[in-house]
Amino acid sequence: MDEGTWAFVRENWTAPIEIVILAIALFYIYSYLEGTRGARILIGLALLVLASTLISTLLNLVVISWLLRSFSLFFIIALVVIFQPELRRALTELGSHRFFGSAFENRETIEEITDTVFELAGKGFGALIAIEREINLRAVAETGVGVDCDYSKELVLTIFQPKTVLHDGGLIVSNDRIVAAGCIFPLTQREDLDRNLGLRHRAGLGLSEESDALAIVVSEETGQVSICHNGIIERDLNVEKFRNRLSHLLLLEKYEDRPDTDPSLAA
């Protein structure tokens, strides 16, 4: 390799690294935004800007180049507005490192929640239960009716009895206590979900996107039990799978895959 080639390599050796880093960043950004309402807008806007920049550069269109530079700040602000829910979720995840586990400190609570959920399913009662972790759900709790009492299966069954006033809303559990019932959870805006998912599933998924809360959904139509966490929904869990996943997510216990267990069911 001659001296000119070596000089070129020394001057430009960082370029491949930058390209790789940018490619990885763009891939993860697209993967994170894929399926959202703003994803198509982002792709269209990116293609428009790239095409305009390329044409103005090749044809030396001074006015168009000036307009693109002038409106660059506008494009950035537009992206922030379009992807406001996704940015809020990303910042929430960044600021919610769970070094010390969850508020649940014993397996008895896990067993009681499991018994409650599958008794609800057996009775054909639809239910939506959110378990608060590191991020406070006070704002969501204020949309419902304050309860503030110790967790009990009997009370949860009563709340979600179809003829009660509060059965259509969500229930929030924090520190082994029922905080509020009849709460309104934010709906997910994802467009890639199964069309058979009802409002309870979309509300549970929406809450898990905007906080680190764990949302448990019992389908009134099918009796299927689902868990929503970190923007993921795991559907049609049996008792054993549900208990194992709940223990893993709340108590940070090691989760061991079994032949009949698939912990990553996604809508």
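The values are calculated or read from the model by the stated rules, or taken from the named source; none is laboratory data. The structure presented is a predicted model; accordingly, all values stated were derived computationally and were not measured. We place every Cβ from the backbone using ideal geometry, glycine too, and count neighbours over all the protein chains shown.
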Return yes or no: is ILE43 among the β-branched types (Val, Ile, Thr), surrounded by 12 or more Cβ atoms within 10 Å (Cβ to Cβ), modelled with pLDDT of 70 or more and part of a helix (DSSP H, G or I)?
yes
In segment 144-161, residues that are free of Cβ contacts under 8 Å to residues at least 40 places away in the same chain and closer than 23 Å to LEU205 by Cα total 4
Restricting to segment 119-164, what's the tally of residues that are modelled with pLDDT of 90 or more, part of a strand (DSSP E or B) and under 27 Å from the mean Cα position of the chain (by Cα)?
8
Can you find a residue in segment 146-155 that is in contact with a strand residue (DSSP E or B) (Cβ under 8 Å, 6 or more places away or on another chain) and crowded, with 22+ Cβ neighbours inside 10 Å?
no
Of all residues in segment 225-246, which are of a type outside the set (Ser, Thr, Tyr), surrounded by 18 or more Cβ atoms within 10 Å (Cβ to Cβ) and assigned to a strand (DSSP E or B)?
VAL225, ILE227, CYS228, HIS229, ILE233, GLU234
Flag for ASP192 being over 22 Å from the mean Cα position of the chain (by Cα) and charged (D, E, K, R):
no
The conditions are (1) touching a Ser or Thr at 6+ places or on another chain (Cβ under 7 Å); (2) surrounded by 19 or more Cβ atoms within 10 Å (Cβ to Cβ), and ALA141 fails exactly one of them. Which is it?
(1)
Which numbered condition trips up ILE178, out of (1) under 13 Å from VAL147 (Cα atoms); (2) of a type in the set (Val, Ile, Thr); (3) part of a loop (DSSP other than H, G, I, E, B)?
(3)
Give segment 195-224 a look and list any residue that's more than 17 Å from the chain's Cα centre (by Cα), assigned to a loop (DSSP other than H, G, I, E, B) and either of a type in the set (D, E, K, R) or buried (at least 19 other Cβ atoms within 10 Å of the Cβ) (or both), or say none.
ARG195, SER219, GLU220, GLU221
Breaking point among (1) touching a Leu at 6+ places or on another chain (Cβ under 6 Å); (2) part of a loop (DSSP other than H, G, I, E, B), for ILE172:
(2)
Do we have LEU207 as touching a Pro at 6+ places or on another chain (Cβ under 8 Å) and either within 18 Å of VAL117 (Cβ to Cβ) or at pLDDT 95 or above (or both) here?
yes
Among the residues that make up segment 158-170, is at least one of them over 18 Å from LEU137 (Cβ atoms), surrounded by 20 or more Cβ atoms within 10 Å (Cβ to Cβ) and aromatic (Phe, Trp, Tyr)?
yes
